Amino acid sequence: MSQLRDFNTIFSLDGKTALVTGGSRGLGLHMASAFLLAGASLVIVTARKTAGEQGIDQAVAKLNALPGIKGRAAGIAANVADSKDIVRLVSEVDGLVGSKGLDIVVCNAGAAWGSRFEDAPPSSSVKILDLNVRGVFELVQKSLPLLERAATKDDPSRVLVISSTAGVNVPHVGEHGTIMYSTSKAAVNHLARNLAVELGPKQITSNIIAPGFFPSKLAQGLISNLGGEESLSNDNPLRRLGAPEDIAGVAVFLCSRAAAYVNGVDISVDGAARLAAGRLSRL
Ligand SMILES: NC(=O)c1ccc[n+]([C@@H]2O[C@H](COP(=O)([O-])OP(=O)(O)OC[C@H]3O[C@@H](n4cnc5c(N)ncnc54)[C@H](OP(=O)(O)O)[C@@H]3O)[C@@H](O)[C@H]2O)c1
């Protein structure tokens with residue numbers, strides 16, 4: 001007989017602490033919700049805005065109102081493209097998690113830019129690379145002592161990088177081109193692979209989730225430029241866009257004991273749209 005240790009809790013995040021950047025809305029909020037529902041004791045969300053419809057305060061209120069959760073959510077305003085703010089953020093996270101350390105860091109906050117190649121100003125490249133690549137490097141670097149404190153051989157600490165299928169294909173050129181965004185996601189994929197090898201001996205895994213289209217503030221402009229949700233759904237082999245549960249399930253898996261030996265992989269969550277040549281796939 002096979003000996004599966006505690007299989008009934010293999011997908012549980014019971015008692016885990018997590019930091020989710022860009023957790024005030026969109027994919028970050030879906031993942032933060034899932035972590036609490038899977039048993040996390042503390043989920044810290046960060047974004048730049050505190051107040052308003054899309055600020056951290058409303059997200060924390062929604063998270064703490066989730067039915068049946070044992071843990072709680074907290075919010076810290078920070079710009080994770082800014083080196084000084086990253087240091088301050090990590091020190092505030094340290095104060096919240098204390099001696100327990102940080103089990104999970106999700107580098108999710110991201111910026112995109114769509115324009116003709118000829119029209120993209122230098123500032124758009126700086127913004128994208130600072131947030132999508134350099135900020136991820138620095139956040140993981142500064143969080144290292146906290147991640148190490150929580151890590152064990154049986155159940156490593158986790159770094160999740162939210163990349164994009166745009167990091168493996170060339171999704172949009174021309175009028176609404178996203179060349180530097182796509183490049184930044186390819187770069188952050190390779191950053192995560194490097195982290196997998198660098199941090200593995202410290203019992204910290206690093207993995208990548210590469211979403212396809214999920215309705216969100218970031219994706220909204222691009223979705224409408226490309227003909228809207230219905231048209232994009234028709235181009236997808238599964239005939240739909242991503243739903244909150246699609247990203248939530250993969251994130252919980254990668255942070256759970258079930259994925260304790262999964263390190264340096266990228267999982268596309270896109271219904272295989274990255275493999276289909278747009279409208280030709282319907283022929
Ligand atoms: N939605 C999709 O279809 C899709 C597809 C592929 C990949 N992705 C990736 O998924 C991630 C999340 O995207 P999303 O669609 O959920 O976007 P979203 O709804 O626009 O949310 C972005 C989040 O990041 C925060 N943020 C932006 N800049 C920040 C900064 N400098 N510092 C701290 N927080 C910042 C935003 O809050 P503030 O504005 O208040 O800072 C917000 O919480 C991104 O990395 C994106 O590239 C999304």
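The values are calculated or read from the model by the stated rules, or taken from the named source; none is laboratory data. On a predicted model such as this, the values are computed, not experimentally measured, just so you know. We place every Cβ from the backbone using ideal geometry, glycine too, and count neighbours over all the protein chains shown. Only protein heavy atoms, including side chains, enter the accessible area calculation; ligands, DNA and RNA are left aside. Shrake-Rupley method; radii C 1.70, N 1.55, O 1.52, S 1.80 Å.
Structure values in brief
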| item | result |
| --- | --- |
| Residue under evaluation Pro215, criteria (1) open to solvent by less than 30 Å² (accessible area, probe 1.4 Å); (2) within 25 Å of Ala277 (Cα to Cα), criterion not met | (1) |
| Residues being under 15 Å from Ala112 (Cα atoms) and away from the ligand (no atom under 11 Å from the Cβ) - total across segment 135-182 | 8 |
| Criterion (buried (at least 24 other Cβ atoms within 10 Å of the Cβ) and more than 7 Å from the ligand (Cβ to nearest atom)) met by exactly one of Leu37, Leu19, Leu42 | Leu19 |
| Scan of segment 3-31 for residues that are under 16 Å from Val97 (Cα atoms) and of a type in the set (A, V, I, L, M, F, W, C), ordered by number | Leu13, Ala18, Leu19, Val20 |
| Entirely in segment 151-235, the helices (runs of 4 or more DSSP H) that have 2 or more residues that are touching a strand residue (DSSP E or B) at 6+ places or on another chain (Cβ under 8 Å) and under 23 Å from Ala40 (Cβ atoms) | 179-199 |
| Flag if Thr50 is open to solvent by 40 Å² or more (accessible area, probe 1.4 Å), near the ligand (Cβ under 9 Å from one of its atoms) and of a type in the set (S, T, N, Q) | yes |
| Residue list for segment 201-226, filter: more than 15 Å from the ligand (Cβ to nearest atom) and either in contact with a helix residue (DSSP H, G or I) (Cβ under 7 Å, 6 or more places away or on another chain) or closer than 20 Å to Gly177 by Cα (or both) | Lys202, Ile204, Thr205, Ser206 |
| Any hit, segment 101-114, residues being out of contact with any Cys (no Cβ under 7 Å at 6 or more places or on another chain), open to solvent by 50 Å² or more (accessible area, probe 1.4 Å), under 30 Å from Thr9 (Cα atoms) and touching a residue at least 12 places away in the same chain (Cβ under 8 Å) | no |
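Let's see how each residue does on (1) in contact with a Ser or Thr (Cβ under 7 Å, 6 or more places away or on another chain); (2) touching a residue at least 60 places away in the same chain (Cβ under 8 Å):
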| position | (1), (2) |
| --- | --- |
| Thr183 | no, no |
| Arg193 | no, yes |
| Leu199 | yes, no |
| Gln203 | yes, no |
| Pro215 | no, no |
| Gly221 | no, yes |
| Gly228 | no, no |
| Asn234 | no, no |
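One line per residue, one yes/no per condition, for (1) open to solvent by 10 Å² or more (accessible area, probe 1.4 Å); (2) closer than 16 Å to Val105 by Cα:
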site: Ser124; (1), (2): no, no
site: Gly135; (1), (2): no, yes
site: Glu138; (1), (2): yes, yes
site: Leu147; (1), (2): no, yes
